[in-house]
RNA sequence: GGCCGAUUCGUCUAUCGGUUAGGACGCCAGAUUUUCAUUCUGGAAAGAGGGGUUCGAUUCCCCUAUCGGCUACCA
């Protein structure tokens, strides 16, 4: 019987969660759910220098908003069978395995300072700390036993490096890319542990934790592919070869224009969010926009992200989370990076907006209106939403599409005025006002035929009259069906706007 | 520079040796409409290049090119 599937999302709390990270989390989640397995959230804060307060909370909130549920670890409960889930709180655990490697002669102490290493890198082209150079460096392999002892006891800062045996082909079996073979000679003796903060580096920490937490599948970004042979070696050195998880390296999310990894700056430059939620940088105070605050529905973001690198082989484009869980497969994840197509993201949101009920949308839209000091009757609002929602991509677009329902025009579109406002217009509009004034039933089904009949009877120009009427009500050549507008704003307001337009536009 | 990975319309992608290379976003045109938008219909638009293998390559192999990732006491 196979082991229960267990995957983890392991971001480092160095800032807001990047949208690419969100996709990684999503794929992990889909995979776990599909196999009835567990999804863990682990915080990789082994770099004390890059720790950013609030980042962890942000990550939890973002996943929560998106409906990516965590079964174990951070954000669920402090305990859990493999607690703690914050690597900075697992120091003792790593220490034990560092010592194990040291004792077995598979790792060694190194005392070279960062400055000394920089000098070496400057001096020797393509310098690499490995079998070919390690004997020239300051470490427990090159130094005498007593000197090492002395340096250690004197409290000199050191680092523990893995001892890589050269000239071995390391095979990484990737679920997406197949076998990737890398020769160990190109690997350097990576730092596993640093005494400065008594913390391991990512490489050791992630292997130890994945083993201890019984992770069966490591699904992560492609940027980890080059270091995965190192991880394979680590599993071997630690004696966990049999328990080694399977790897799947996801293609990267690329900039919409040009090349390279999608970054925060692309969002600022091109005007779209690259983060799930708004994020305020504590030191600079600058705010990075998030999808939530930009008006996206979580299901739209999920759907959009899911398809950036995966498809089910058919023409289907709309997927609920449940369908994604059922249909997702690593085999169908593409190998090449995907450029981030923000326009398509908008289209997804438009689609999901149309799926919402008018009441649901009106409920949210109401909050936007209140901020503008507009308090509209909910039933009326629901009606308005039904009329304009198909024109919107976001609920926030609704205001632009419907403001004329709430406020009378302050100015009139010049081009339309020039084109439509003729010598006879004031007279026609006055007649129209009189006609409307006499109507009791102001519903569109009643007013429309009457007004049109009046136009015909007087041999007026249909388009001319109606467009000026629209101009009076809306102020611009836009908007929903004219008589619907009149119905909703009501007889009184319709007449008021009509007279206002006659007054203002006749002056000129 | 070295290593690894990738390469189908502008973009996301389908195709698992034989297709008029399909769909979607975006774009353009037409229809509908009192306006704008929506909607509908139609259109333009792709296998990086070169060698093989094969009766036949977008598909398999090799080379080149291009792009990307990694190359930290960062993840």
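The numbers here are math on the coordinates, done by the rules we state, and not lab data. Treat the numbers as computed from the prediction; the structure is a model and nothing was measured. A quick note on method: Cβ atoms are made from the backbone with ideal geometry, for glycine too, and the neighbour counts reach across all protein chains shown.
Length gained on full extension, residue A:286 to residue A:259: 7.2 nm, using 0.36 nm per residue less the C-alpha separation. Equivalent ellipsoid of chain A: semi-axes from √(5λ) of the C-alpha gyration tensor, largest first, are 66, 23, 19 Å. For the pair residue A:499 and residue A:227, label points projected 7 Å from Cα toward Cβ lie 7.5 nm apart. Computed from the C-alpha gyration tensor, the three semi-axes of the ellipsoid equivalent to the range A:429-508 are 17, 15, 13 Å, from longest to shortest. What's the center-to-center distance, using Cα atoms, between the range A:336-403 and the range A:92-110 in Å? The range A:336-403 and the range A:92-110 have Cα centres spaced 58 Å from each other.
Within the range A:317-389, the percentage of alpha carbon pairs spaced more than 15 angstrom apart rounds to 69%. Between the helical axis of A:482-506 and the longest alpha-carbon principal axis of chain A there is an angle of about 70 degrees.
By the beta-carbon count within 10 Å of each Cβ, the least crowded to most crowded order of A:299, A:147, fewest first, is A:147, A:299. Distance between the modelled labels on residue A:49 and residue A:185, one decimal in nanometres: 3.2 nm (7 Å Cα→Cβ projection).
Sorted by mean Cβ packing within 10 Å, highest first, what order do the peptides A:434-441, A:337-344, A:125-132 take?
A:337-344, A:125-132, A:434-441
Sorting A:171, A:52, A:388 from the fewest to the most surrounding beta carbons within 10 angstrom yields A:171, A:52, A:388.
With viscosity 1.002 mPa s and temperature 20 °C, the Kirkwood radius over alpha carbon pairs of the range A:356-401 converts through Stokes-Einstein to a diffusion coefficient of 209 µm²/s. How would the range A:351-508 be classified by its alpha-carbon gyration tensor: rounded, prolate or oblate, with rounded meaning a/c under 1.5 and the a/b versus b/c comparison settling the rest? Prolate. In this label model, residue A:120 and residue A:270 are separated by 4.1 nm, measuring between points 7 Å along each Cα→Cβ vector.
Each of A:70, A:368 has some number of other Cβ atoms within 10 Å of its Cβ, and from fewest to most they run A:368, A:70. For the range A:204-240, the residues whose amide N sits under 17 Å from a probe point set 7 Å from the Cα of residue A:83 along the beta carbon direction are A:213. Seen from every direction in turn and averaged, the convex hull around the alpha carbons of the range A:1-152 projects onto 13.1 nm². For the range A:232-250 and the range A:131-191, what is the separation of their C-alpha centers, rounded to whole Å? Using only Cα atoms, the two centres lie 17 Å from each other. For a modelled paramagnetic label at residue A:370, 7 Å from Cα along Cα-to-Cβ, the residues of the range A:391-407 in reach, with backbone nitrogen under 20 Å, are A:395-400, A:403, A:406-407.
Sequence-distant contacts, meaning Cα pairs under 8 Å at least 6 residues apart, place the relative contact order of chain A at 11 percent. Segment residue A:341..residue A:419, full-extension length gain: 24.2 nm, with 0.36 nm per residue of separation and the alpha-carbon distance subtracted. May I ask you to list the residues of the range A:157-184 whose amide nitrogen lies under 17 Å from a point 7 Å from Cα along the Cα→beta-carbon direction of residue A:236? Zone members listed by number: A:162-174, A:179-184.
Quick one: Debye curve from the C-alpha atoms of the range A:98-162, no solvent, what's log10 I(q)/I(0) at q = 0.12, 0.19 Å⁻¹? Scattering profile of the range A:98-162, log10 relative to I(0): -0.31, -0.75. Ranked by the mean number of other Cβ atoms within 10 Å per residue, highest first, peptides A:390-399, A:453-462, A:412-421 order as A:390-399, A:412-421, A:453-462. Counting only DSSP beta bridges whose two residues both lie in chain A, roughly 55 percent are antiparallel. A compact globular protein would have a Cα radius of gyration near 2.2 N^0.38 Å; the ratio found for the range A:148-286 is 1.34. Working note: Cα gyration tensor of the range A:221-353, eigenvalues times five, square-rooted, sorted largest first, giving semi-axes of 30, 22, 14 Å.
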